[in-house]
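Here the structure comes first, spelled out in structure tokens, and everything after it is commentary.
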Amino acid sequence: MAKKKTKKKSTKRSTKTGPAKAEPAARRRAKRIYDKLVELYPDAHCALDHKNAFELIIATILSAQCTDVRVNMVTPDLFKRYPDAHALAKAKQADVEDLVRTTGFFRNKAKSLLGASRRMVEHHGGEVPDTMDELTALPGVARKTANVVLGNAFGKNVGVVVDTHVGRLSRRLGLTEQTDPVKVEQDLMALLPRDTWTMLSHLLIYHGRQVCAARNPKCDDCALARSCPKVGVDGAE
Ligand code: SF4
């Protein structure tokens, strides 16, 4: 008897990032947490000072492994000297290194700033592109930076910015069990509606800075304590 062919299951993992389905109860719970955060931080916004998309992408590249406060100290001089991609594309690496030195990893960052600016000049007429694929094709720009720019400069909710605060808070609040930022992002996108994604990361960052620090979170003073599996009573629903 001829053997029945069985279809081999693909072991290849999808590289696509997009919202999967989350349980309705988990979505309701996530929305309650989101609404509470909006109540707590109605003015939450991007902490990197910027006047346009160019300034935001440059500031975001500089913010890797560096505080936003430090980046905001460096960018005024940088933008005064190089106000747009055309100007920065023509800059000398050593001059840019001097200006961004205090943000750490300054050689690599200067290289990324120049590379990104040159590509913007060569491929986008000196403008910052507004799609994930075009942004992540710029040197020094990965998904997180692209999400910052898309959400805050172009008002496009393409994903959720997952930095150290967002990752930590999401795990503590039971919104994900993942540690890989891309997987954390997928879980958050599955839990909350698209129009909340940019604000969600601002809110989690605010709460992480003000209440739920990495060490010694102030659980006794936390308005989310009831919903937090760490201490709460309704963490499961
Ligand atoms: S209860 Fe504690 S761990 Fe949970 S979100 Fe609040 S501060 Fe963070």
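The values are calculated or read from the model by the stated rules, or taken from the named source; none is laboratory data. On a predicted model such as this, the values are computed, not experimentally measured, just so you know. Reconstructed Cβ throughout: ideal geometry from the backbone, glycine too, with neighbour counts over all protein chains shown.
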## Note on the structure
Log entry, pairs with first residue in the stretch 18-40 being within 12 Å of THR196 (Cα to Cα) and at pLDDT 95 or above, second being of a type in the set (A, V, I, L, M, F, W, C) and part of a helix (DSSP H, G or I), beta carbons closer than 6 Å, six or more apart or on different chains, reads ALA30/LEU191; LEU37/LEU203
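One line per residue, one yes/no per condition, for (1) assigned by TED's automatic domain parsing to the domain that holds ARG119; (2) buried (at least 19 other Cβ atoms within 10 Å of the Cβ):
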| residue | (1), (2) |
| --- | --- |
| LEU40 | no, no |
| ILE58 | yes, yes |
| ILE61 | yes, yes |
| LYS80 | yes, no |
| LYS90 | yes, no |
| ALA94 | yes, no |
#### Entry: Residue check for LYS230: touching a residue at least 12 places away in the same chain (Cβ under 8 Å), closer than 21 Å to HIS50 by Cα and of a type in the set (Lys, Arg)
no
## Note on the structure
Here the residues within the stretch 113-166 that are within 17 Å of ASN52 (Cα to Cα) and polar (S, T, N, Q) are SER117, THR131, THR145, ASN147, ASN152
### Query
Mind checking whether some residue in the stretch 167-189 is closer than 28 Å to GLN65 by Cβ, of a type in the set (Ser, Thr, Tyr) and within 16 Å of the ligand (Cβ to nearest atom)?
yes
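Could you tell me whether the stretch 42-57 includes any residue that is at pLDDT 95 or above, in a helix (DSSP H, G or I) and polar (S, T, N, Q)? Before you say what the answer is, go through the steps one by one.
The first filter runs over the stretch 42-57 and keeps only residues at pLDDT 95 or above, leaving 42-57.
Add one more test, that the residue is in a helix (DSSP H, G or I), and what stays is 53-57.
Those still in the list that are polar (S, T, N, Q) too: none.
There is no residue in the stretch 42-57 that is at pLDDT 95 or above, in a helix (DSSP H, G or I) and polar (S, T, N, Q).
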### Task
Could you give me the residue pairs with C-beta distances under 6 Å whose first residue belongs to the stretch 214-226 and is within 19 Å of ALA30 (Cβ to Cβ), whose second residue is near the ligand (Cβ under 6 Å from one of its atoms) and in a loop (DSSP other than H, G, I, E, B) wherever it lies, and which are 6+ apart or on separate chains?
CYS222/VAL211; ALA225/VAL231
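Quick grid of which residues meet (1) over 21 Å from VAL38 (Cβ atoms); (2) part of a helix (DSSP H, G or I); (3) among the hydrophobic types (A, V, I, L, M, F, W, C); (4) in contact (Cβ under 8 Å) with a residue 24 or more places away in the chain:
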{"residue": "VAL148", "(1), (2), (3), (4)": "no, yes, yes, yes"}
{"residue": "GLY151", "(1), (2), (3), (4)": "no, yes, no, yes"}
{"residue": "VAL158", "(1), (2), (3), (4)": "no, no, yes, yes"}
{"residue": "THR176", "(1), (2), (3), (4)": "no, no, no, no"}
{"residue": "LEU188", "(1), (2), (3), (4)": "no, yes, yes, yes"}
{"residue": "THR196", "(1), (2), (3), (4)": "no, yes, no, yes"}
{"residue": "ARG209", "(1), (2), (3), (4)": "no, yes, no, yes"}
